[in-house]
Each structure stands twice: as C-alpha cells, then as structure tokens.
1. So is residue 55 surrounded by fewer than 16 Cβ atoms within 10 Å (Cβ to Cβ), touching a helix residue (DSSP H, G or I) at 6+ places or on another chain (Cβ under 9 Å), at pLDDT 95 or above and among the small types (Gly, Ala, Ser) or not?
2. Could you tell me whether any residue of region 128-141 is assigned to a helix (DSSP H, G or I), touching a Gly at 6+ places or on another chain (Cβ under 7 Å) and either within 26 Å of residue 65 (Cβ to Cβ) or touching a residue at least 60 places away in the same chain (Cβ under 8 Å) (or both)?
3. (1) surrounded by 23 or more Cβ atoms within 10 Å (Cβ to Cβ); (2) in contact with a His (Cβ under 7 Å, 6 or more places away or on another chain); (3) farther than 20 Å from residue 26 by Cβ: which one isn't true of residue 101, the others all being true?
4. Within region 14-30, track down each residue that is surrounded by 20 or more Cβ atoms within 10 Å (Cβ to Cβ) and within 18 Å of the chain's Cα centre (by Cα).
5. Pairs please, first residue from region 153-164 and under 11 Å from residue 180 (Cα atoms), second anywhere and of a type in the set (Asp, Glu) and in a helix (DSSP H, G or I), Cβ atoms under 8 Å, 6+ apart in sequence or on different chains.
6. Filter region 106-121 for residues that are assigned to a loop (DSSP other than H, G, I, E, B), in contact with a strand residue (DSSP E or B) (Cβ under 9 Å, 6 or more places away or on another chain) and in contact (Cβ under 8 Å) with a residue 40 or more places away in the chain and give the result.
7. Which ones in region 83-105 are over 25 Å from residue 39 (Cα atoms), in contact with a helix residue (DSSP H, G or I) (Cβ under 8 Å, 6 or more places away or on another chain) and outside any helix (DSSP H, G or I)?
8. Can you find a residue that is at pLDDT below 95 and either outside any helix (DSSP H, G or I) or crowded, with 19+ Cβ neighbours inside 10 Å (or both) anywhere in region 205-214?
Amino acid sequence: MKRFNTLDGVPLRYDRKTSTSYGTIGVPYKPYSEESFIQELEACFKELFQVCPLGKPNYILTAGAWTPKPGMHKKGRAIDLDGLLWDDYRFITLEYPGQKKFYLAVDAILRKHFGIVLNFRYDRPHEDHFHIDNSVNTSFDRNSRSKVIALQMGLTHVHDTPVIIDGIWGDQTSKAINDVLKELNISDPVTRRSGWHAYLDATAAKGFAHIAAEPSLDELYSIHREMIENAELSTSAKHGLMASFNAILSHEEVDVI
C-alpha cells in the first residue's frame, strides 16, 4: 500500500467530513491504495484532463479510497469520485440531471481505464458518486448491468438516440448502438474492446463539446423538471414548483431566449 494526495498534480479533497461538506473543497486527503492502482488512476485522470476542454481542475473531490469494509476498497483498488472543481465550473456527480452530457463524458474516460464504474443510474447509493475499481477488465460485456446502463445513457443523452435505460441488452439497444457506430464511422462492434473504447472516445468528445454551449430553453425546462421529479418532495410540493417555474417562463417581462 502507498499513500497519495494528488492525481496528475491535482490535489485530492475529502468532502464527506461533515453532513454539509459534500460538494465543497472539503479537507486535504491522503489515502492508501495499491501502487499499481494509483498508477492506473494517474493515467486515467491525466487523459481526462487532457480531453476535457476545461483542463486541470483545482480539486478532485472524493468520498474515500481505502476502507476496512469488505470489497475492492479494502484491497486498495477502489476509489469514490464525488466531483471536480474549477475556478468557473463545478462538476458534482449528484447534479447529474443538470449535467448529463458532461457527466457521461467523464464516465466514458473512467471506463476506458477501469472495468467497474458504478454511476448515478446504477442504484440510489451511487447517485452521489462514481465508484471506480479495477476488479474486471475494460472490455464491454453485454451481461454487465453497469456497462449496459452506461451505454444506454450515452446513446440517449449524448448521441441523441433514446433507448430504455434498464441495464438489459436487447434488440433496441443493439440496433441503437449499431446505428450510432455507423454514424461515428467506427467499424468494430462494442463487443470488441477496440470498438468499445472508440465509442467511449467519441462519447467523451461529444459530451465535453457541450461545455461551452448555452443550454436551450427546452434543455433548461427538461433539467428543471427532472430535478423536481427526482427530489424527495411531496406530490403537492412538486406540482407547486412546476407551476411556479411555468409561470416564470410565461411572464412577459422574462426574456429566457
């Protein structure tokens, strides 16, 4: 085991010290991990910061690496990523509904380097972080729920080819990915490692390309609606929020275009 406190020169910060510190710069963090795993993390985040148009962030936010609980964390071969903080941009995994394209671009780069990435749509416990470990290889597996979910998310939200996001490989997903690969001029299927990684590269590039673009009114409305629907509020409170938002959009003094 070896301790580390940066990845590609960017400081790690632990943002779970208190119940209110999630998503903040938190406190300096120096966890233990296997040296080979640290090297894999270094390569991953180096590529991520090279591909991302924002470059290196100021901080990497994490929920932890080594823990005594059973699993890959105890083996020093897992880490939980909460977010990335730049001067003028904040990426927090729990804010996925409002950052789908950027989120999935980050997700794509992580999957090039690690066989297990559990994300927002995998289950409720992983909505507020990426779980990353190297327990399996980085090839695509049609029987892997986490990889199929990621593929379906990318098809739907990055490549504008909506499919049901259920983690199940079926005819709809198969047809959609074949159509998208053809559009991207990728000849190998995702069932080959080369095809899967080429698709991940294209997903990252397209997802990050939206960072400089202003969201459309339709996108803003969709983001707001989904965040309200996913919030832990009563039905009457959700209806009230949507009614107030619709009233704001329709007000003659509000220029939203």
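1. Yes, satisfied.
2. Looking through region 128-141, none of the residues is assigned to a helix (DSSP H, G or I), touching a Gly at 6+ places or on another chain (Cβ under 7 Å) and either within 26 Å of residue 65 (Cβ to Cβ) or touching a residue at least 60 places away in the same chain (Cβ under 8 Å) (or both).
3. Condition not satisfied by residue 101: (1).
4. Correct list: 15 only.
5. Sorted first by the residue in region 153-164, then by its partner, the pairs are 154/107; 159/183; 161/179.
6. Initially, region 106-121 is screened for residues assigned to a loop (DSSP other than H, G, I, E, B), giving 114-115, 119-121.
In the following step, the residues that additionally are in contact with a strand residue (DSSP E or B) (Cβ under 9 Å, 6 or more places away or on another chain) were identified as 114-115, 119-120.
Correct list: 114 only.
7. Result: 89, single match.
8. From region 205-214, those at pLDDT below 95 are 209-214; that's our starting set.
Okay, now just the ones that are also either outside any helix (DSSP H, G or I) or crowded, with 19+ Cβ neighbours inside 10 Å (or both), so 213-214.
Yes - at least one qualifying residue is present in region 205-214.
The values are calculated or read from the model by the stated rules, or taken from the named source; none is laboratory data. Keep in mind the model is a prediction, meaning the values are calculated, not measured. Reconstructed Cβ throughout: ideal geometry from the backbone, glycine too, with neighbour counts over all protein chains shown.
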